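Here the structure comes first, spelled out in structure tokens, and everything after it is commentary.
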Amino acid sequence: MWKVPLFDCNLGASEKAAVQSVLDSGWLTMGPITREFEERFADYIGVKNAVAVANGTAALHLSLLALGLGAGDEVICPSLTFSATSNAVIHAGATPVFADIESTKDFNISARTIEAKLSPQTKAIIVVHYAGYACDMGAINELARKHNVKVIEDAAHAPGAYRESLRCGAMGQVGCFSFYSNKNMTTGEGGMVTTQDETLAERIRLLRSHGMTTSTSDRHSGSARSYDVVALGLNYRIDEIRSALGICQLDQLDLRNAQRKSLDALYRDLLADVEEIEIPFEHNAAFEGSSCHVMSCILTADLGVTALRESLKESGIQSSHHYPAVHLLEWYRREFGYTSGMLPVTEEVSNTQVTLPLYPSMTEDMVYEVVDAVKATLVRSH
Ligand SMILES: *Cc1c(COP(=O)(O)O)cnc(C)c1O
């Protein structure tokens, strides 16, 4: 339907072979392939432990539960994110407290904006590395240490992203990844928790699978006969087919991120002389190591984002919005009584933001086509 879609996945011969081999093995639920995926992901990120889970939301929920967060606790997080970030906080029984983003050039929350929301009830911070641009974790970790609060990274946009030689997912107490279809690496549905903390990883493994002391795979192999339930767990397991896909996708991640980076650079180049389009993170310390998850920009023209997106659609170009501010979503307004004006910078960006197509197999010609369509729309609107 679209001449230029918003995103596309890269699934090829290696994925097909990997899935076939799992089917041939006759073992579908969590087992040796998942173990291998976890070990390779942990190595890649540079942490001791990785726990594969059903999706990114499960990764966040398990992290919060394992860190002991619950009723009466406040968790500071951004509103310029996918609602799963703060939904997970509420599912854990805690209360999300939204921090504003740093500026219209840096869409991440920062030590400055987080500090403004600290209270005696603050027990954790969830940062989101927006579009794969890492937050200023040096300053955020320092603030967190000073106030004895935990730091969770929502790294759904940021597999492979780095800043100051650390990868996203290795910068806080826990890192949470999503392998949903539109993310930088995909297993269809899937996720991962990363952490240096052995005890925390064990807790997450336990809660991932009903709080049971042994797995079906342990019992099948004869290493365990029975099980006990020692915590109130969930079923947030991944399976071997997805883990096999994950290993293939991880192998290609650096290549795919590099392809994204070069298309991102072309966009920035071609849009540099368009006054009404501003692209964030240009001179930011997170710029170089970005995983370029999405091509996010701000439209300053009176035309408005709705008209621009409608015009792109007429040219067969899909666009998106990252994000409608979470605090102003219908359920959040109703539940918490939030109104606009609460987070001025987040709201300004949210109201003017548009996401242009970006994916590794996109051609340079397609980038030219998108930019031409944007320019033509702006010229017509003058
Ligand atoms: C995709 C995403 C999630 C949720 O991941 P799922 O795998 O869809 O559950 C959480 N946070 C952010 C920022 C995301 O982009």
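The values are calculated or read from the model by the stated rules, or taken from the named source; none is laboratory data. Small disclaimer: the values here were computed from a predicted structure and weren't measured. Methodologically, a virtual Cβ is constructed for each residue, glycine included, from the backbone with ideal geometry; neighbour enumeration extends over all protein chains shown. Side chains are part of the model used for accessible areas, which takes the heavy atoms of the whole protein and leaves out ligands, DNA and RNA. Shrake-Rupley method; radii C 1.70, N 1.55, O 1.52, S 1.80 Å.
Over the chain, with a Gaussian network built from C-alpha contacts below 10 Å, which listed residue (Arg208, Arg112, Arg260) shows the highest mean-square fluctuation?
Arg112
Could you do me a favour and compute the accessible area per residue for the chain, 1.4 Å probe, result in Å²? Show your work: numbers first, answer last.
Numbers: 16490 Å² over 382 residues.
That works out to 43 Å² for each residue.
Of Ala99, Phe37, Gly56, whose Cα points farthest to the positive end of the dipole of the range 35-116 (charges on the beta-carbon: +1 Lys, Arg; -1 Asp, Glu; origin at the Cα centre)?
Farthest along the dipole direction, towards plus: Phe37.
Of the options Ile317, Val345, Ser291, report the single residue whose Cα projects farthest towards the positive end of the charge dipole of the range 205-351 (beta-carbon charges: Lys, Arg +1; Asp, Glu -1).
Ser291
With +1 on each Lys and Arg Cβ and -1 on each Asp and Glu Cβ, how big is the dipole of the range 324-382 about its Cα centre, in debye rounded to the nearest 20? Spell out each step's value before the answer.
Details: 4 positive and 8 negative charges, 50 e Å.
With only Lys, Arg, Asp and Glu charged at Cβ, the dipole is about 240 debye.
Along Cα→Cβ, 7 Å out, is where each label goes; now give me the distance between the ones at Ala17 and Leu253 in nm to one decimal.
2.1 nm
For the chain, what does the helix formula give at 222 nm: sum of -39500 (n - 2.57) over DSSP H segments with n ≥ 4, over the residue count, nearest 500 deg cm²/dmol?
Details: 13 runs with 153 residues, N = 382.
Result for the chain: -12500 deg cm²/dmol, rounded to the nearest 500.
Name the most mobile residue of Gly191, Gly175, Gly233, meaning the one with the largest mean-square fluctuation, in a Gaussian network model of the chain with Cα contacts below 10 Å.
Greatest mean-square fluctuation among the candidates belongs to Gly233.
For the pair Asp365 and Ser119, what calculated FRET efficiency results from E = 1/(1 + (r/R0)^6), where r is the Cβ-Cβ distance and R0 = 51 Å, to the nearest 0.05?
Details: r = 52 Å, r/R0 = 1.02.
Efficiency at R0 = 51 Å is approximately 0.45.
At a 1.4 Å probe, what is the % contribution of carbon and sulfur to the accessible area of the chain? Don't jump to the answer; show the numbers that get you there.
On the way: 8320 of 16490 Å².
Exposed carbon and sulfur together represent 50 percent of the surface.
Once you order the gyration tensor axes a ≥ b ≥ c over the Cα atoms, which shape class does the chain get: rounded for a/c under 1.5, otherwise prolate or oblate by comparing a/b with b/c? Each step should come with its number before you reach the end.
Details: a/c = 2.06, a/b = 1.32, b/c = 1.56.
Oblate shape, in that a/c is at least 1.5 and b/c is the bigger or equal ratio.
Might you work out the accessible area of Phe7 for me, using a 1.4 Å probe with all protein chains in place, and round it to the nearest 10 Å²?
That residue has around 80 Å² of solvent-accessible surface.
Roughly how big is the chain's charge dipole about its Cα centre, with Cβ charges of +1 (Lys, Arg) and -1 (Asp, Glu), in debye to the nearest 20? Provide the component values of the computation, followed by the final result.
Numbers: 32 positive and 47 negative charges, 213 e Å.
Magnitude of the dipole: close to 1020 debye.
Return the single residue from His210, His147, His220 with maximal mean-square fluctuation; model: Gaussian network over the chain, springs between Cα atoms under 10 Å.
Most flexible of the set in this elastic network: His220.
Just need the relative contact order of the chain here, percent rounded to a whole number, with Cα pairs under 8 Å and 6+ apart.
On the way: 801 pairs, mean separation 86.5, N = 382.
Relative contact order comes out at 23 percent.
Among the listed pairs Lys117/Lys150; Lys3/Lys375; Lys261/Lys313; Lys48/Lys123; Lys48/Lys117, which are separated by more than 20 Å between their Cα atoms? Each step should come with its number before you reach the end.
On the way: Lys117/Lys150 15 Å; Lys3/Lys375 17 Å; Lys261/Lys313 24 Å; Lys48/Lys123 24 Å; Lys48/Lys117 32 Å.
As for pairs spanning more than 20 Å Cα to Cα, those are Lys261/Lys313; Lys48/Lys123; Lys48/Lys117.
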